[in-house]
Amino acid sequence: MNERPFVILGGGGHAQVILSTLRRLSCQILGYTDPSSNASLAAEVEYLGGDEALREFDPDEVMLAVGVGSTRDTALRTRLFNGAHTEKFDFPPIVHPEAFVAPEVNLEEGAQVMAGAIVQPGTKLKENVVINTNATIDHDCNVRAHVHVSPGATLSGEVILEEGAHVGTGASIIQDIRVGAGSTIGAGAVVIDDVPPNSTVIGVPARTK
């Protein structure tokens with residue numbers, strides 16, 4: 001990974017996971033930005049200020065990591081990435097040393113794969129996606145921009161997650177399913193039918209909420 005130091009955007013729970021991962025990768029961390037100086041990272045690394053703190057940095061001298069996950073939607077994560085990306089900051093892919101990502105997998109800018117996750121051949125991870133702890137992505141899936149796949153979720157082969165979708169903790173999606181843009185899959189849901197855009201589905205089998 002590039003020798004430039006990182007700034008983490010966000011200071012909550014996911015930011016702690018990103019900080020731990022970057023340290024495992026022997027990366028230098030300058031600090032974090034967050035609306036609150038009392039965020040979870042306060043005791044770990046330097047607080048740099050709110051979003052406006054990025055104006056103090058040259059995009060050629062630092063790299064960024066989004067430290068915001070999602071619980072229902074990915075809007076904040078998307079805003080942080082797009083805002084800084086417009087200013088020409090770099091977001092390298094981050095893969096925990098204890099994750100498995102097949103060599104053929106295409107990871108785009110800002111993609112994050114956390115500890116214990118498995119990503120199988122043929123899969124595409126678009127920009128700013130999170131494949132969280134112990135999630136499993138099988139062959140030939142298409143995970144589009146800003147998607148969050150929560151801990152322990154499972155995607156069977158050839159699943160398409162359209163932009164900004166959120167897959168809840170422990171959810172399962174069978175093969176050949178398309179989940180529409182901006183949709184939310186509830187925790188523990190089992191998805192056996194396509195999900196329309198901007199929908200929320202829950203239950204076993206998953207139904208519209």
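The values are calculated or read from the model by the stated rules, or taken from the named source; none is laboratory data. Please read all numbers here as calculations on a predicted model, not as lab measurements. Every residue, glycine as well, gets a Cβ built from its backbone with ideal geometry; the counts of neighbours run over all protein chains shown. The accessibility values were calculated without ligands, DNA or RNA, using every heavy atom of the protein model including side chains. Shrake-Rupley method; radii C 1.70, N 1.55, O 1.52, S 1.80 Å.
Observations
- All C-alpha to C-alpha distances of the range 1-41, sorted into 10 Å bins beginning at zero, yield P(r) values of 32, 54, 14 percent in whole numbers.
- Degrees separating the helix 13-24 axis from the principal Cα axis of the chain, which is the longest one: 70 degrees
- Alpha-carbon Rg/Rh ratio, for the range 88-209, with Rh computed the Kirkwood way: 0.95
- Between the range 60-128 and the range 164-197, the alpha-carbon centres lie 19 Å apart.
- Evaluated at q = 0.09, 0.13, 0.19 Å⁻¹: base-10 log I(q)/I(0), Debye formula over Cα of the chain: -0.32, -0.66, -1.29
- Taking a straight line from the alpha carbon of residue 209, these lysines sit under 28 Å away, with near neighbours fewer than eight places off in the same chain left out: 126.
- Applying a DSSP loop filter and a limit of 15 other Cβ atoms within 10 Å to the trypsin sites (Lys or Arg not before Pro) in the range 11-83 leaves 72.
- Residue-normalised accessible area of the chain, expressed per residue, 1.4 Å probe, Å²: 45 Å²
- Applying a DSSP loop filter and a limit of 10 other Cβ atoms within 10 Å to the GluC sites (Glu not before Pro) in the range 10-72 leaves 61.
- Only aspartates and glutamates eight or more places from residue 124 in sequence, or on another chain, were considered; those with a Cα closer than 15 Å are 104, 108, 109, 138, 140, 158, 162, 163, 176.
- Protein accessible area in the range 102-151, 1.4 Å probe - carbon and sulfur %: 45 percent
- Computed on the range 104-171, the Cα convex hull volume stands at 57 Å³ per residue.
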